[in-house]
Amino acid sequence: MGLLDFIKGGKKKDPELTPFLPKDIYDAAKLDFADIIAPSALKITPREMNLGDKLARTFYVISYPRFLNDSWFAPIINLDKVFDVSIFVHPIDTAQVLRTFQKKVAEVQSQVMDREEKGLVRDPVLDTAYRDIEDLRDKLQQAQERIFDVGLYITVYGDDSDELDKAEAEIRSILDAKLVYVKPALFQQEQGFKSVIPTGKDMLQVHSKLNSSPLSSLFPFLSFDLTSDKGILFGINRHNSSLVLFDRFSLENYNSVTFAKSGSGKSYATKLEILRSLMFDTEVIVIDPESEYEYLANAVGGRFFNIALSSENHINPFDLPTPREDESPADILRSNIVNLVGLFRLMLGGLTPEEDAIVDRAITETYALKDITGQSDFSNMTPPLLSDFEMVLAGMEGSESLVQRLSKYTKGTWAGFINRPTNVDINKKFVAFSVRDMEDELKPVAMYIVTHFIWNAVRKDLRKRLLIIDEAWWMMKSEDTASFLYSMAKRGRKYYLGVATITQDVDDFLKSPYGLPMITNSSIQLLLKQSPSSIDNVQKTFNLTDEEKYLLLESGVGEGIFFAGLKHVAIKIIASYTEDQIITSDPSQLLAIGKRGREGTSKGAE
């Protein structure tokens, strides 16, 4: 009977065909998991192993110093290299160790006495060894310590031998400085590699005896980690490739600051946070000095307002928020008057104490002209305009200079800017205000008015909101705008508001008396690539080490240091392809996206 007949169900079973049973054929072709993950071939040499595309070299620790400090192994764990570490801990019976110690104590004690009898100078090495052994023996007898055989193995990977040599030199230099010495597993690379892969087999068997205290310095790995069980992905931890997940609304305040030089990715990182925050029901409002957020606003179905002298979008600074149940109308009106005095101080180029008092009284009378007082319900009343204020101011003694300076905002070139009723609605999940087309002289004024308008909207009803002020140094140039911004940052938590300030001009930001308080009142800080001219100021402000200072100087685009509370890690901002297409501000990418869009439109027309 042939094999085919037997498989089809023949009655006779030929012994010669037994090896070719279907089950045997299946078993012969079956793949184990090891077959799937194993390289196609291995080449083992005395110093390394060739795993196909990669080379691997294994080391073991042969000697430790007398003392091991906590975190001594952290610089190795946090190396920006591809490597594996295995630690094998074999407990030794305490009774057996004590018997050995008895002999060792007697031996050392005999050497000390022999030197004394001969009149020799005391040997500090022998004295120290005797004290250490006696101390350890006492702790072993009291069950305060145990002794272990410890094997510490490290396998580094590289594309060629030169890369392995560099990794080896870096690891050696770090450990040598701590008096920890390693050797390559010569002619034992196979056993070393098998000891490091996650099979739990100690095939290298190169051990050092450590008691509990120094052994504990290896556990846990003291690796920089900054993550939580909820929040958005800010980036990748450059130390250990873990995820930096964080929820700003879980911290003591919801504010953040971002410092970076131009082109280092600060706007990119901010847009990425916006995109991911919107998925968690957070409303986002942006004050945008360069119209960088228009495409993002359109992509997510938000609103984009262009604030300029010729714009159709207007904000009346005399608008009043509706008082909440826990607020009195008198307090709301008083607070708004104080903010308006600050605005006029900014608009009119400063006020003398006399002018300050006149403006304060004129604002109060302007509101009273519309029957708005601290005792009235002004929730449905029409607020006054700037021209109403000018009319009241003109009838007051000593106001001639003020009226003359104010006229350019009511009758001159800038008349269309703020002397109109508000027609801006921010009832959307994402809203951006652009001041790119506003003259530089008026940008601080525009940003102050927009920020004040947003603050009134925030106080009106309680929602989770994030206010982002890009190029915040514009607002820090004036003490009034900086003071108002700091006030928002301090009071925002009460209204579930986080204030995120972003700037590339670190020195201008920190020159303001409110610069440092803004930083200390922000639970999250993001430092990306810095310029050499400002790095010393940044280092002093954030108490950076020299290594962190050089990291910020040498960082690439989207790389830097992320602070959350008292912790900080080196971070790399990473976006998906779809996110990148929405948020990129790279001119070359924007041109490519625009070209693809035009081609798509052309094909659609055809």
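Summary table below
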item	result
Criterion: over 14 Å from the mean Cα position of the chain (by Cα) and surrounded by 18 or more Cβ atoms within 10 Å (Cβ to Cβ) - qualifying residue of Ile573, Ile583	Ile583
Filtered residues of the range 48-61 (kept if surrounded by 15 or more Cβ atoms within 10 Å (Cβ to Cβ) and assigned to a loop (DSSP other than H, G, I, E, B))	Glu48, Leu51, Lys54
Near pairs, Cβ below 6 angstrom, 6+ apart or cross-chain, from the range 540-565 (at negative phi) to any residue that is assigned to a loop (DSSP other than H, G, I, E, B) and at pLDDT below 85	Ala564/Leu226
Residue satisfying all of: in the range 62-97; in a loop (DSSP other than H, G, I, E, B) and of a type in the set (Phe, Trp, Tyr); farthest from Ile174 (Cα to Cα) among these	Phe67
Exclusive hit being under 17 Å from the mean Cα position of the chain (by Cα), surrounded by 21 or more Cβ atoms within 10 Å (Cβ to Cβ) and among the small types (Gly, Ala, Ser), set Ser250, Ser264	Ser264
Search result, residues across the range 312-328 that are among the hydroxyl-bearing types (Ser, Thr, Tyr) and exposed (fewer than 15 other Cβ atoms within 10 Å of the Cβ)	Ser328
Residues (assigned to a loop (DSSP other than H, G, I, E, B) and surrounded by 15 or more Cβ atoms within 10 Å (Cβ to Cβ)) located in the range 179-196	Val180, Ala185, Gln188
Residues satisfying the stated conditions in the range 56-115, i.e. in contact with a Lys or Arg (Cβ under 6 Å, 6 or more places away or on another chain) and touching a residue at least 60 places away in the same chain (Cβ under 8 Å)	Ile62, Trp72
Enumeration of residues in the range 205-217 that are in contact with a strand residue (DSSP E or B) (Cβ under 6 Å, 6 or more places away or on another chain) and assigned to a loop (DSSP other than H, G, I, E, B)	Val206, His207
Contacts under 6 angstrom Cβ, first residue in the range 279-293 being on the phi < 0 side of the Ramachandran plot, partner assigned to a strand (DSSP E or B) and of a type in the set (Val, Ile, Thr), 6 or more apart	Ile285/Val431; Val286/Ile468; Ile287/Ile469; Tyr293/Val286
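Yes or no, residue by residue, for (1) over 20 Å from the mean Cα position of the chain (by Cα); (2) surrounded by 23 or more Cβ atoms within 10 Å (Cβ to Cβ); (3) aromatic (Phe, Trp, Tyr):
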{"position": "Ser483", "(1), (2), (3)": "yes, no, no"}
{"position": "Leu497", "(1), (2), (3)": "no, yes, no"}
{"position": "Phe509", "(1), (2), (3)": "yes, yes, yes"}
{"position": "Ser512", "(1), (2), (3)": "yes, no, no"}
{"position": "Pro517", "(1), (2), (3)": "yes, no, no"}
{"position": "Thr520", "(1), (2), (3)": "no, no, no"}
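The values are calculated or read from the model by the stated rules, or taken from the named source; none is laboratory data. Note that the structure is a prediction, hence the values are computed from the model and not measured. Note that each Cβ is placed from the backbone with ideal geometry, even for glycine, and that neighbours are counted across all protein chains shown.
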